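Accompanying notes for the structure given below.
The values are calculated or read from the model by the stated rules, or taken from the named source; none is laboratory data. This is a predicted model, so every value here is computed, not measured. Reconstructed Cβ throughout: ideal geometry from the backbone, glycine too, with neighbour counts over all protein chains shown.
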């Protein structure tokens, strides 16, 4: 008969520790271990702890075996389809316990760097000036995971993290125990997921209003409906199938640019005969919301979030234009110069003078500050001058619109 001395069963992703030095013989709530660290976290229905290794910080969530196996499987598939979900590291099962017990299994995920619970954005009774950012971030996340064939089943503010993404915020899905992956979602499945989100967010905002000293009448109960409104706008753009004259092929490029500007990669373009012999219908198959992420990584090797990548690409192209780099060879050389002479030293300086912040986000904040300085002056501003002025101003970020 198995006992608590039986080692746990672990299914581990590449590039992570084996986690065998942790005290799996007892539940995580009872751990007193040198690897435990305090990290910002939201509200969880299951016990959650954080542990630190050379490979990074990891979150461990304990739950019944069937829930853990489902969450690990969903996150494993999602990590290949989106950048906006927690990354799985390991699935742990305790074979000496009944599979239905809370402590029978655990999912280990990589800690999402520079991310915080969405509830931390609340000021007073609601999200205040960041309300529109929350709407855009959650709607964009739901569109992306639905495109990936994921029915979330429990979207709520407690199951979301946020991180700054240039002048916007990015929402990250961290809870998938009730989720399911399909080849694609039906309209009915998407609508059901949105209904669950509306109900959950209304409950979240009611709780936050009361905690902030208000009552239910002061709760922002329309937030979920507004998220759905933004979701529908995005989904409508993705579903558009313009019909154009055969001689106006430039409109195909315009359609692709429209999707790319929203951050979506286009996997396929299907051109079908239209209702008239001189007309064609354009249908696009979109992938993840990683257009600028992929372009920046391809050009420079830098990994950033979508809006950060868009801003940094603008800086790279500005540098190439100033250098007059036109040929492929000139562009490759100029990109290396930009990396070694400006980007990497600036990141080191941001990290040194603003410890604990996301240096990529700091770099984007600096670029925005430099642009505002140049606009006021009517002339280019040197990087060093912009940094000193940005530092003197207290390292301001993007203004809220």
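Candidates are the residues of segment 214-228 that are free of Cβ contacts under 8 Å to residues at least 40 places away in the same chain and either part of a helix (DSSP H, G or I) or surrounded by fewer than 15 Cβ atoms within 10 Å (Cβ to Cβ) (or both); the one that is nearest to the chain's Cα centre (by Cα) is 224.
Tell me, please, whether a residue that is assigned to a helix (DSSP H, G or I), free of Cβ contacts under 8 Å to residues at least 12 places away in the same chain and either within 24 Å of residue 305 (Cα to Cα) or touching a helix residue (DSSP H, G or I) at 6+ places or on another chain (Cβ under 8 Å) (or both) can be found in segment 367-380. For segment 367-380, residues assigned to a helix (DSSP H, G or I), free of Cβ contacts under 8 Å to residues at least 12 places away in the same chain and either within 24 Å of residue 305 (Cα to Cα) or touching a helix residue (DSSP H, G or I) at 6+ places or on another chain (Cβ under 8 Å) (or both): present. Please work out which residue is surrounded by the most Cβ atoms within 10 Å (Cβ to Cβ), limiting yourself to segment 319-342 and to residues that are under 29 Å from the mean Cα position of the chain (by Cα) and under 17 Å from residue 385 (Cβ atoms). The selected residue is 319.
Among the residues of this structure, residue 347 does not count as one that is surrounded by 14 or more Cβ atoms within 10 Å (Cβ to Cβ), closer than 21 Å to residue 165 by Cα, out of contact with any strand residue (DSSP E or B) (no Cβ under 9 Å at 6 or more places or on another chain) and in contact (Cβ under 8 Å) with a residue 24 or more places away in the chain. Which of the residues spanning segment 119-138 are closer than 17 Å to residue 228 by Cβ and touching a strand residue (DSSP E or B) at 6+ places or on another chain (Cβ under 9 Å)? Answer for segment 119-138, where residues must be closer than 17 Å to residue 228 by Cβ and touching a strand residue (DSSP E or B) at 6+ places or on another chain (Cβ under 9 Å): 133, 134, 136, 137, 138. Restricting attention to segment 381-401, and to residues there that are loosely packed, with under 15 Cβ neighbours inside 10 Å and not in a helix (DSSP H, G or I), which single residue is modelled with the lowest pLDDT? Among those that are loosely packed, with under 15 Cβ neighbours inside 10 Å and not in a helix (DSSP H, G or I), it is 401.
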